[in-house]
1. Filter the range 184-209 down to the residues that are at pLDDT below 90, open to solvent by 20 Å² or more (accessible area, probe 1.4 Å) and not aliphatic (A, V, I, L, M) and list them by number.
2. Do the conditions hold for Thr132, that is, is it touching a Lys or Arg at 6+ places or on another chain (Cβ under 9 Å) and open to solvent by 60 Å² or more (accessible area, probe 1.4 Å)?
3. Scan (1) open to solvent by less than 30 Å² (accessible area, probe 1.4 Å); (2) in contact (Cβ under 8 Å) with a residue 40 or more places away in the chain; (3) part of a helix (DSSP H, G or I) for the single condition Val225 breaks and write down its number.
4. Under 8 Å by Cβ, and 6 or more places apart or on different chains, what pairs join a residue from the range 247-264 that is within 13 Å of Val166 (Cα to Cα) and without any contact (Cβ under 8 Å) to a residue 60 or more places away in the chain with one that is open to solvent by 10 Å² or more (accessible area, probe 1.4 Å) and in a helix (DSSP H, G or I)?
5. What's the total number of residues in the range 150-174 that are of a type in the set (Phe, Trp, Tyr) and open to solvent by less than 30 Å² (accessible area, probe 1.4 Å)?
6. Kindly list the number of the only condition in (1) modelled with pLDDT under 80; (2) of a type in the set (Gly, Ala, Ser); (3) farther than 22 Å from Asn147 by Cβ that fails for Gly40.
7. Name the residue, out of Asp337, Asp324, that is open to solvent by less than 30 Å² (accessible area, probe 1.4 Å) and among the acidic types (Asp, Glu).
8. Only one of these is buried (at least 21 other Cβ atoms within 10 Å of the Cβ) and assigned to a helix (DSSP H, G or I): Ile118, Ile104, Ile98, Ile122. Name it.
Amino acid sequence: MSNFTDSLSTGQDFLLTVTNSQNTSISLDFNMSITTIVPGGLNMTDSEVESTLVKLSKLYQGIHGYFAFVVCVFGIVSNILNIIVLTRKHMRSPTNFILTALAIADMLTMSSYLVLAIYLYIITKPQCDHTTTFHTKPWMYFVQFHNLFVITCHMMAMWLTVSLAVFRYIFVCKHQLATVMCSMRRAKITVLIVFIGTIVSCIPYFFMYRVKDIGQNNRECYWVVSSEFAEAHPIYVNFVHWLFGVVIKILPCVLLSYLSILLIIAMQQAKKRRARLLNNISRVIDHDSSNEHNRTTMMLVAVVMCFIITEIPQGILAWISAVDNNFFQNVYIHLGDLMDILVLINSAVNFILYCIMSQQFRDTFKSLFVSKNLPPFFHRVKHHPNGGDYSMVHTETTLV
């Protein structure tokens with residue numbers, strides 16, 4: 001058998017095995033969105049025995065589309081809610097501006113993946129089997145667009161998360177510089193730089209794939225395959241391996257891990273200093289403010305840690321795959337759908353973290369979507385000791 005394999009170590013690689021009438025096996029592999037789509041067909045000889053990993057990947061592939069559909073729908077709705085809450089007047093701050101940009105990037109990522117999951121996992125199958133599954137040219141152009149679009153959006157989300165950690169580090173550890181370094185103007189410039197930088201860094205990836213008819217027996221079946229340029233320049237392909245597998249996945253995770261450790265250490269040191277320097281009265285006065293800042297910092301650390309947990313395994317596996325193609329074939333491609341769903345969950349979970357860890361977010365969300373729809377009986381009314389009644393009034397505050 002003769003095999004052609006073009007394996008990218010990052011993004012979402014889709015390995016397909018097609019057998020023609022001459023029993024020649026052609027392995028077609030293209031990088032799609034976040035990590036790897038499990039192959040629709042495995043090219044195994046009679047002497048090969050399916051490993052537990054292969055069986056697991058095949059078993060999960062059957063439910064991946066439905067699972068991804070639920071996560072994407074929840075994630076799209078929750079990120080829309082994030083955007084609505086974070087853009088209220090009293091919620092506007094440099095940190096929340098970056099969180100809003102992050103919510104937009106996550107929402108766009110899941111919007112495109114939702115369409116892909118419905119088409120490629122629920123309506124059809126991620127394969128061209130030349131008997132029941134045939135893919136049209138328009139759908140394959142969408143898959144190619146999805147490939148580029150989702151990688152761009154997800155990479156943007158990665159570096160926005162890094163920017164968020166840097167802003168919070170400056171605010172917590174270099175508080176005297178926060179007013180200048182963490183202004184709203186600098187937050188907007190940061191988001192713009194991330195946007196432009198992501199587009200530029202993704203340009204090498206745009207030349208990697210093309211749509212081609214690989215059908216047999218006069219039946220069209222279009223697929224995304226390696227471009228002629230990529231086939232003619234293996235050094236270029238190797239460059240993209242390292243660019244996306246190591247620099248763009250592992251580097252952000254390393255930076256985020258380092259900044260998270262610094263933030264946690266700084267918070268513990270600040271807590272000890274307050275306990276040592278403040279007397280009981282001033283501690284009571286400062287209690288609410290410092291607690292709110294600590295909750296905000298811990299919320300952002302939780303966002304960062306969720307990102308690291310879902311991304312660092314992919315970065316490590318992608319790095320190993322870049323230097324060992326056997327590892328890619330035997331391990332990486334079989335974990336693709338599982339890694340995808342982890343990334344999607346990470347993109348959808350921020351709303352839950354905000355509700356759990358941010359009092360200001362909860363209050364704003366309740367005032368927008370809960371309190372207005374409740375009967376007057378449920379509105380909080382306080383009775384003053386002097387016999388008067390007053391209602392709780394929400395005051396607008398702005399936090400860095």
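The values are calculated or read from the model by the stated rules, or taken from the named source; none is laboratory data. If you're wondering where the values come from, they're calculated on a predicted model, not measured in any experiment. Every residue, glycine as well, gets a Cβ built from its backbone with ideal geometry; the counts of neighbours run over all protein chains shown. Only protein heavy atoms, including side chains, enter the accessible area calculation; ligands, DNA and RNA are left aside. Shrake-Rupley method; radii C 1.70, N 1.55, O 1.52, S 1.80 Å.
1. The answer is Ser201, Pro204, Phe206, Phe207.
2. Here the answer is yes, as Thr132 does meet what is asked.
3. The single condition Val225 does not satisfy is (3).
4. Final answer for the pair search is Ser257/Ile308; Ser257/Ile312.
5. Here the count works out to 2.
6. Status for Gly40: all satisfied but (3).
7. Criteria check complete, one pass: Asp337.
8. Step by step, each of Ile118, Ile104, Ile98, Ile122 is checked, and only Ile98 is buried (at least 21 other Cβ atoms within 10 Å of the Cβ) and assigned to a helix (DSSP H, G or I).
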